[in-house]
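The values are calculated or read from the model by the stated rules, or taken from the named source; none is laboratory data. In this text, all values refer to a predicted model and were calculated from it rather than measured experimentally. Note that we place each Cβ from the backbone using ideal geometry, even for glycine, and neighbour counts take in every protein chain shown. These accessible areas exclude ligands, DNA and RNA; they are computed on the full protein's heavy atoms, side chains included. Shrake-Rupley method; radii C 1.70, N 1.55, O 1.52, S 1.80 Å.
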Amino acid sequence: MTTHGDPATQSAAHAVAARTGSTDAGEEPPATTGDDTLPAALTGLRAAVEAARFPLALPSAEPARRAAGSLTDQLDDYLLPRLRRLDAPLLVVVGGSTGAGKSTLVNSLVQARVSAAGVLRPTTRSPVLVCNPTDSAWFRRGELLPGLTRTTEPSEDPRTLQLVTAPALPAGLAFLDAPDIDSVVDANRALAGQLLAAADLWLFVTTAARYADAVPWELLRSARARGAVIAMVLDRVPAEAADEIAAHLSEMLADQDLGAAPLFVLPETWVDGQGLLPAQVTAPLADWFARLAADADARAAVVRQTLDGALAALQPAVTGLADAADEQVAAADAFDERVRAAYRGAHRTVEQGLSDGRLLRGEVLARWQEFVGTGELFRTLEARIGRFRDRVVAAVTGRPAPAAELRTAIESQLVTLLRGVSSEAAENAYTGWKAHPAGAALLDPDLAHPSADLPERAERLVRDWQRGVLELVSVEGGDKRFVARTAAYAVNATGLAVMVAVFASTAFIPTGLEVATGAGTTVAAQAVLQAIFGDQAVRTLANKARTDLLARVRTLLDDEAARYLERTEAARPAADAAGSLRRAVDQVELARHRSGFAEAATAARTPPADEEGLQ
């Protein structure tokens, strides 16, 4: 039983371009596309697809990588070369399941044993392309399927394409025997899908025993989505069940919106000594292809239908890639935000430590009390400011150790705080990433802890800040008689008082003599500084010293956070990857319609009402 009637195989009076006829094997066929707008748009799309990356381990990443690879393959293997040469021979890719008899069918159609057939699986290890000798130049040049190495000998390498000529095959038509779509060899399955995507016409071969298998139907649905022209061969059908099985398969095709696909039913039969099927068995299919080869308009219609279907399918496919790229950026941003939130929290903890008096406890407070001396000194400050210099000189000159110990205590307290907040931030960032598979994939165990050199950097930060405070005191008090007339120890003493005051409160200078955290300690610091500079100068010093310290702390914490952020930056796709993909595919769609290609393809696959097609 044989049914025909695929509109794409009918003479298409409305086709914009038809094949101009076959050429001599040694001649270069003339190009048939004068407008390069669409090829240029496709080239731009290819660049955008190739630039898109999906490194984060999101559920959409692996499907997107496969889709991007398939798109690149189809652009290289089919769309770009076919658009440049619409007059090239019609390529029929013969695909199907393991043991369906593809190679035997190809051999029988071209009346020569050109593709290996046998009981061992997989039989077709590398694809075999058969064409008329006059068409061989087109396939030898490698514009179609450029990733496959051309050879004239059988090969075990699936990345080779064996070229065979067969005079019995009409010019303008070529068969490509593809590996099994359900091969046990991964590379063969992948190549089979790639080759089918490069076909002008898909000839699917299945058997009475396997026509309902899932894998072929997945590919058939994919072909339908791309608008490809499809023909079906149901092979090895027992005579007594031919009508029943053919009817069931026809119903299945109709259910999948593939009812227009021609269906050829080949009965169970023998093969001759060359492994070829009897001529009368393959005659309906051979005649159908012969009429197709003889009708340039029909071939052009098939090419345009499949080509336009593939072009139209780019929009949803690329949109899916763009969505996946957006997900990558959003995930990277979310991971970055978790890190930044952890280190913002660390910075807030330091700010709170400078405002709530906690840093004045313990060693710093003890050393400060030693440094400022007895309360008697400060009780006399308000009434006897003129004697302040002498008292400080005596105190500092006679007791240098308390000043050094106070400075060391301040350094130790700050370093301890910085180490603590850095450890907590690293742990919080690590835990936040580990909770997500994509984040966990980016982690290294060392990230759970601060950098190995953090203590050293924290110590350097505090020492640099302390030097900065001393420079600040010197500059701010440069026009004050007290600082101008005293030795370096006065600047040092004042600087230490500023440091302790910064520890005590955010706005550590109270109005009047209010007692803040640290009780008399803060008041003592205030009294020393006010005696030297006056109220406003004191406030300026305090704010500048605190701002400077927090800025240095932020830099330290930013450097710690960068250990995480560098990983997301390395994994992050380009910020505008999704936008580039969408713009590129929009350009393709615009060029497709501006060129009139889409409208011509629609007309080509819609036959006039009075045509009954090839019979």
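When the residues of region 101-140 are filtered to those that are modelled with pLDDT of 85 or more and in a loop (DSSP other than H, G, I, E, B), which remaining residue is nearest to Ala310 (Cα to Cα)?
Going through the qualifying residues, I end up with Pro127.
Return yes when Arg159 is touching a helix residue (DSSP H, G or I) at 6+ places or on another chain (Cβ under 9 Å), of a type in the set (Lys, Arg) and at pLDDT 90 or above and no when it is not.
Judged against the criteria, Arg159 is not a match.
Every residue in region 338-367 that is closer than 30 Å to Gly439 by Cβ and either in contact with a helix residue (DSSP H, G or I) (Cβ under 6 Å, 6 or more places away or on another chain) or outside any helix (DSSP H, G or I) (or both), please.
Hits for region 338-367 are Arg338, Val339, Ala342, Tyr343, Ala346, His347, Thr349, Val350, Gly353.
Answer with yes or no whether Thr282 is of a type in the set (Ser, Thr, Tyr) and surrounded by fewer than 19 Cβ atoms within 10 Å (Cβ to Cβ).
no
Tally up the residues in region 63-87 that are open to solvent by 10 Å² or more (accessible area, probe 1.4 Å) and without any contact (Cβ under 8 Å) to a residue 60 or more places away in the chain, please.
7
Pick from region 424-441 the residues that are of a type outside the set (Gly, Ala, Ser) and in a helix (DSSP H, G or I): which of them is surrounded by the fewest Cβ atoms within 10 Å (Cβ to Cβ)?
Taking the candidates together, the pick is Pro437.
Show me the helices (runs of 4 or more DSSP H) entirely contained within region 534-615 in which 1 or more residues are at pLDDT 95 or above and hydrophobic (A, V, I, L, M, F, W, C).
So the answer is 535-571, 577-594.
For region 45-57, what are the residues that are open to solvent by 40 Å² or more (accessible area, probe 1.4 Å) and either touching a residue at least 40 places away in the same chain (Cβ under 8 Å) or closer than 15 Å to Gln328 by Cα (or both)?
Ala47, Ala51, Arg53, Pro55, Ala57
Please determine whether any residue of region 371-380 is surrounded by 14 or more Cβ atoms within 10 Å (Cβ to Cβ), modelled with pLDDT of 90 or more and either among the hydrophobic types (A, V, I, L, M, F, W, C) or more than 22 Å from Arg463 (Cβ to Cβ) (or both).
no
Can you name every residue in region 173-192 that is under 28 Å from the mean Cα position of the chain (by Cα) and open to solvent by less than 20 Å² (accessible area, probe 1.4 Å)?
Residues satisfying the conditions are Ile181, Asn188, Leu191, Ala192.
Taking region 250-265 as the search range and keeping residues that are of a type in the set (A, V, I, L, M, F, W, C) and touching a residue at least 40 places away in the same chain (Cβ under 8 Å), which one is most open to solvent (accessible area, probe 1.4 Å)?
Ala260
Anything in region 134-154 that is open to solvent by less than 50 Å² (accessible area, probe 1.4 Å) and closer than 14 Å to Val114 by Cβ? List them, or say none.
Those that are open to solvent by less than 50 Å² (accessible area, probe 1.4 Å) and closer than 14 Å to Val114 by Cβ: Ser136, Phe139, Thr151.
Determine, yes or no, whether Ser451 is modelled with pLDDT of 95 or more, surrounded by 13 or more Cβ atoms within 10 Å (Cβ to Cβ) and in contact with a Pro (Cβ under 8 Å, 6 or more places away or on another chain).
For Ser451, the condition - modelled with pLDDT of 95 or more, surrounded by 13 or more Cβ atoms within 10 Å (Cβ to Cβ) and in contact with a Pro (Cβ under 8 Å, 6 or more places away or on another chain) - is not met.
Quick check: anything in region 504-519 modelled with pLDDT of 90 or more, open to solvent by 10 Å² or more (accessible area, probe 1.4 Å) and under 51 Å from the mean Cα position of the chain (by Cα)?
No, that holds for no residue.
Would you check if there is a residue in region 263-282 being assigned to a helix (DSSP H, G or I) and closer than 29 Å to Thr306 by Cα?
Yes, there is a match, as at least one residue in region 263-282 is assigned to a helix (DSSP H, G or I) and closer than 29 Å to Thr306 by Cα.
Tally time: how many residues in region 193-229 are open to solvent by 10 Å² or more (accessible area, probe 1.4 Å), free of Cβ contacts under 8 Å to residues at least 40 places away in the same chain and within 31 Å of the chain's Cα centre (by Cα)?
So the count comes out to 6.
Quickly run through region 392-423 and pick out the residues that are modelled with pLDDT under 80 and either closer than 21 Å to Ala366 by Cβ or open to solvent by less than 60 Å² (accessible area, probe 1.4 Å) (or both).
Matches in region 392-423: Val392, Val393, Ala395, Val396, Gly398, Arg399, Pro400, Ala401, Pro402, Ala403, Ala404.
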